[in-house]
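Scroll down for the structure; my scribbles are underneath it.
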Amino acid sequence: MIYAANFKTNHTRKTTKDYIKKLQEKIVTKKTEDSVYIFPPSTALDHFEGDFTVGTQNAYPAQNGAYTGEIGVEQLEEFAIKTILIGHSERREVLGESQEIVSAKFAYFKEQGFEIIYCIGEPLEVREQGDSAVMEYLLAQFEGIDTSYEDLIIAYEPIWAIGTGRSATVEEIASTHEALKKTVQKPLLYGGSAKPANIKEITSIRGVDGVLVGSASLDVESFSQMILS
Ligand code: PEP
């Protein structure tokens, strides 16, 4: 299983360091086949050693240059960061990243040999229209994306389940993952209000290869409980 923590705009450089130290101590007993990812805010990126991968939540598709407020590959290389989240719904919805921008980022970071966790997910009004509307919406988020890229992990994150405390049901996750796996044969994570109370249920679903966790990853006790569940 893959357990990925997305801190979003939470935690500082100091609290991230403390978190990672504690996490490392707690996950010494994790299954060797399980892998752990942490996506802290950009200011907390650093060289961290341990049985986990630290990635960036975002970066601009350039080595460096005149991109005020952004970080590029040069800043990531300083900390040997080679993993990136692309297509998160908050970047699409709040930061206005179109499919064109998302796919340009994907192409650039693929070219740079980054491991990519590529996020897709539908809004509630699409989910309410039924399974075929959901699949049509999700497949459109693969436009311009090389789904055969070897270092690719997909995260299915229904937008209405993110940060709401309301996870998708077992049936919704199972049927969507099954349908997605017909198109993309890559590790497939579920994201959306995954927490210690539902982690076992979610990771037991066929077609779920791991979880991308926001809120419940902010507390190291809660995230490590999920990893060790
Ligand atoms: C996320 O934003 O990637 C996410 C899954 O958030 P949460 O766990 O808080 O729903």
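For residues that are free of Cβ contacts under 8 Å to residues at least 12 places away in the same chain and of a type in the set (G, A, S), scanning just the stretch 32-73, find the one that is nearest to Y19 (Cα to Cα). Top of the filtered list is G69. A62 meets each of the listed conditions (1) under 24 Å from P187 (Cα atoms); (2) in a loop (DSSP other than H, G, I, E, B) apart from (1).
For the residues K8, K14, K21, the requirement of being more than 22 Å from D151 (Cβ to Cβ), of a type in the set (K, R), surrounded by 12 or more Cβ atoms within 10 Å (Cβ to Cβ) and out of contact with any Pro (no Cβ under 8 Å at 6 or more places or on another chain) singles out K21.
Evaluate the stretch 19-26: report whether one residue or more is in a loop (DSSP other than H, G, I, E, B), touching a residue at least 24 places away in the same chain (Cβ under 8 Å), more than 16 Å from the ligand (Cβ to nearest atom) and within 23 Å of Y190 (Cα to Cα). Looking through the stretch 19-26, none of the residues is in a loop (DSSP other than H, G, I, E, B), touching a residue at least 24 places away in the same chain (Cβ under 8 Å), more than 16 Å from the ligand (Cβ to nearest atom) and within 23 Å of Y190 (Cα to Cα).
Within the stretch 81-112, how many residues turn out to be within 13 Å of D146 (Cα to Cα), among the aliphatic types (A, V, I, L, M) and more than 16 Å from the ligand (Cβ to nearest atom)? The number of residues fulfilling the criteria is 2.
None of the figures in this text is laboratory data; all of them are computed from the coordinates on show. On a predicted model such as this, the values are computed, not experimentally measured, just so you know. Ideal geometry is used to build each Cβ from the backbone, glycine not excepted, and the neighbour counts take in all protein chains shown.
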